[in-house]
Amino acid sequence: MTRTRFAPSPTGYLHVGGLRTALYNYLFAKKHNGCFLLRIEDTDQKRFIEGAREHLIEMLRWAGLEYDEGPDIGGPHKPYIQSERLKLYQQYASELLEKKAAYRCFCSAERLEDMRRNQEANKLAPMYDRHCLYLSEDEINQNLKNKIPFVVRQKIPSAETVKFKDLIRGNVSFACKSLDDQVLMKSDGFPTYHLANVVDDHLMEITHVIRGEEWLPSTPKHILLYQAFGWNLPEFAHIPLLLNKDRSKLSKRQGDVSVEEYIKKNYSKEAIINFIALLGWNPGSGEENEIFSLSELCDAFSLEKVHKAGAIFDIDKLDWFNWQWRKKKYHENLAETAKKIDGTCIISSPKKGEFQYKFKDNESEEVFYIKRTDLLNDMCGRFIHEEYKKEGGTYRKALLTIEEKVLKEPENAENHLKFFFSIKDYDVSLLANEKMKVDYAIAKKSLIGAEKYLKKISNFNSVEEIKSGLLNAVTELSLKNGQVFWPLRAALTGEEFSPGVFEAAWVLGQDECLIRIKNALSKLEKNM
Ligand code: GLU
């Protein structure tokens with residue numbers, strides 16, 4: 001059975017790259033009807049952060065990446081927290097010492113520091129010089145007796161080359177002489193990442209190790225450990241780095257890297273998952289759709305389609321996904337609400353945060369109140385409802401015109417919508433505009449000219465026809481666009497800010513447009 005794991009070190013936040021690693025492991029396991037587990041790699045006690053583990057769990061739950069085994073839910077290989085498995089690592093470290101695949105190193109911090117400085121001065125790669133590999137049995141026993149603190153180091157067989165086939169990167173090889181004798185156990189009795197990671201992947205029967213490319217240089221060391229223990233190797237897949245737009249490694253300096261920040265900025269979970277899935281993977285040639293839900297990703301995902309090259313983390317693209325998902329949900333809501341609503345509904349002016357609705361059906365006429373926040377869904381209901389009752393119904397048009405605004409700021413939906421249903425008693429000065437050189441005389445001239453052309457339009461269901469009619473009016477009047485469109489838009493909406501004049505006219509329909517123009521003209525008459 002396929003078994004994958006997400007093995008984060010709790011740092012206090014979940015990096016977007018970490019979420020992608022978790023996602024790919026999850027998708028791969030699900031695709032193969034396997035098991036996905038969460039293991040907390042917290043052996044670096046210096047970096048312990050209160051609450052970090054809980055935060056990670058919360059983030060994975062939020063993203064919908066349910067694991068089958070893990071710290072809070074248990075499983076056949078518990079515990080899933082490395083700091084609770086210390087005895088195991090000590091036992092395996094002893095086994096490596098016995099097998100001479102590891103050795104005790106008693107070097108003091110000062111000695112190691114001197115060595116490092118020398119290497120730096122001589123432009124040599126920083127590596128342990130194997131001083132303690134050559135200690136005699138007696139020296140070792142003497143040191144142990146004197147209780148000199150020691151670490152356990154991996155003994156890298158210098159003459160070899162480690163070769164393996166990475167599922168993403170193909171054949172990879174590392175010459176052992178370039179590998180350091182890695183510390184496996186620290187003097188405080190805690191293992192390092194390398195030992196704990198290998199022991200646990202083996203004991204937890206992980207079949208596929210899917211992790212970031214930054215771990216690739218660790219893999220030959222891990223393979224040598226598997227070989228020293230005589231264990232079967234898992235498959236390895238190293239996924240590409242995440243890069244900033246300038247191709248530098250994704251960093252905090254250039255933007256947010258923690259998933260939480262994106263949640264705070266109101267990006268939806270679906271958008272984040274969709275965006276992250278496509279950072280380094282694509283569904284393959286011929287497939288143009290980029291919108292995938294988590295369950296669709298489970299079907300579509302494969303490691304063969306993960307690229308080697310670094311993936312650019314492009315916020316504009318995330319914004320695009322967020323927009324697509326909001327739209328998708330909006331339309332799904334419409335369909336849902338539509339099912340619930342029957343009868344024709346008329347909206348009246350808003351009052352104190354509530355809207356009054358009149359529902360008419362064949363038998364009764366009922367009035368009820370609806371909360372402001374329900375407005376959008378309710379409007380949506382009518383959108384569909386009206387659509388099948390009356391082709392091109394006003395509500396549908398109204399919603400299409402303001403769709404973008406509603407999605408971006410749903411709390412303002414009512415402001416964007418209300419003038420479609422009733423026009424407020426605006427001040428005549430709204431019809432003039434100094435900057436655009438519209439005084440009352442020009443406003444009057446424009447409205448009369450526009451009225452003439454709007455009357456002539458035969459298909460008021462076409463924004464294009466309305467637009468070309470009104471542009472003809474502008475030409476005939478020998479005025480600037482703004483000189484005609486400002487007073488007209490004001491006359492139609494009674495608002496300083498509203499959708500454009502063509503859309504507003506389209507939504508209102510011919511009769512209502514003409515009524516509103518008449519109304520504006522009579523306001524002007526009174527003031528001239
Ligand atoms: N604990 C490592 C990390 O923080 C895990 C790396 C691996 O998956 O092997 O990413």
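Scanning the range 505-520 for residues that are under 19 Å from Asp427 (Cα atoms) and either of a type in the set (Gly, Ala, Ser) or open to solvent by less than 10 Å² (accessible area, probe 1.4 Å) (or both) turns up Cys513, Arg516, Ile517, Ala520. Taking residues in the range 473-486 that are more than 18 Å from Tyr440 (Cβ to Cβ), and partners anywhere that are among the polar types (S, T, N, Q), the pairs with Cβ atoms closer than 9 Å and at least 6 places apart or on different chains are Ala473/Ser446; Val474/Ser446; Val474/Asn481; Val474/Gln483. Taking first residues from the range 499-516 that are within 18 Å of Ser468 (Cβ to Cβ) and aromatic (Phe, Trp, Tyr) and partners that are open to solvent by 30 Å² or more (accessible area, probe 1.4 Å) and assigned to a helix (DSSP H, G or I), the Cβ contacts under 7 Å between residues at least 6 apart in sequence or on separate chains come to Phe502/Val463; Phe502/Lys467; Trp506/Val463. Pairing each residue of the range 197-215 that is in contact (Cβ under 8 Å) with a residue 12 or more places away in the chain and farther than 11 Å from Arg39 by Cβ with any residue that is small (Gly, Ala, Ser) and near the ligand (Cβ under 8 Å from one of its atoms), provided the two are 6+ apart or on different chains, yields C-beta distances under 8 Å for Arg211/Ala7. Scanning the range 292-323 for residues that are open to solvent by 50 Å² or more (accessible area, probe 1.4 Å) and in a helix (DSSP H, G or I) yields Ser295, Glu296, Asp299, Glu304, Lys305, Ile315, Asp316, Lys317, Asp319, Trp320, Trp323. Listed by position, the strands (runs of 3 or more DSSP E) inside the range 152-213 whose residues that are more than 14 Å from the ligand (Cβ to nearest atom) number at least 3 are 161-166, 170-175, 183-185.
Of all residues in the range 133-185, those that are of a type in the set (Val, Ile, Thr), free of Cβ contacts under 8 Å to residues at least 40 places away in the same chain and surrounded by 15 or more Cβ atoms within 10 Å (Cβ to Cβ) total 1.
When the range 431-454 is filtered for residues that are without any contact (Cβ under 8 Å) to a residue 12 or more places away in the chain and under 49 Å from the mean Cα position of the chain (by Cα), the ones remaining, listed by number, are Glu434, Lys435.
Among Leu184, Leu195, which is closer than 19 Å to Gly230 by Cα and touching a His at 6+ places or on another chain (Cβ under 7 Å)?
On the way: Leu195 fails: touching a His at 6+ places or on another chain (Cβ under 7 Å).
The match here is Leu184.
Where helices (runs of 4 or more DSSP H) sit wholly within the range 1-108, those with at least 2 residues that are more than 25 Å from the chain's Cα centre (by Cα), modelled with pLDDT of 95 or more and more than 16 Å from the ligand (Cβ to nearest atom) occupy 86-98.
Selection within the range 411-435: residues that are assigned to a loop (DSSP other than H, G, I, E, B) and surrounded by fewer than 17 Cβ atoms within 10 Å (Cβ to Cβ). The member of this set that is modelled with the lowest pLDDT is Ser422. Among the residues examined, Asn143 qualifies as touching a strand residue (DSSP E or B) at 6+ places or on another chain (Cβ under 8 Å), of a type in the set (S, T, N, Q) and not in a loop (DSSP other than H, G, I, E, B). Entry remark, the range 481-502: residues being buried (at least 20 other Cβ atoms within 10 Å of the Cβ) and assigned to a helix (DSSP H, G or I) number 13 in total. Screening the candidates Arg39, Arg85, Arg130, Arg111 for the property of being among the charged types (D, E, K, R), in contact with a helix residue (DSSP H, G or I) (Cβ under 9 Å, 6 or more places away or on another chain), farther than 28 Å from Glu270 by Cβ and open to solvent by less than 70 Å² (accessible area, probe 1.4 Å) yields one hit, Arg85. Annotation: Tyr226 fulfils all but one of (1) hydroxyl-bearing (Ser, Thr, Tyr); (2) open to solvent by less than 20 Å² (accessible area, probe 1.4 Å); (3) outside any helix (DSSP H, G or I); the unmet one is (3). Name the residue that is farthest from the ligand (Cβ to nearest atom), counting only residues in the range 214-248 that are over 20 Å from Leu60 (Cβ atoms) and in contact with a Gly (Cβ under 8 Å, 6 or more places away or on another chain). Result: Arg247.
Just name the residue that is nearest to Leu27 (Cα to Cα) out of those in the range 261-291 that are charged (D, E, K, R) and exposed (fewer than 15 other Cβ atoms within 10 Å of the Cβ).
Going residue by residue through the range 261-291, those that are charged (D, E, K, R) are 261, 264-265, 269-270, 287-288, 290.
Still in the running and exposed (fewer than 15 other Cβ atoms within 10 Å of the Cβ): 261, 264-265, 287-288.
Numbers: Glu261: 24, Lys264: 25, Lys265: 26, Glu287: 19, Glu288: 20 Å.
So the residue we want is Glu287.
Taking the range 442-467, which residues are small (Gly, Ala, Ser) and at pLDDT below 95? Hits for the range 442-467 are Ser458, Ser462.
The values are calculated or read from the model by the stated rules, or taken from the named source; none is laboratory data. Keep in mind that what you see is a predicted model, and the values were worked out from it rather than measured. No Cβ is skipped: glycine too gets one built from the backbone with ideal geometry, and neighbour counts run over all protein chains shown. Surface accessibility is based on the protein's heavy atoms, side chains included, excluding ligands, DNA and RNA. Shrake-Rupley method; radii C 1.70, N 1.55, O 1.52, S 1.80 Å.
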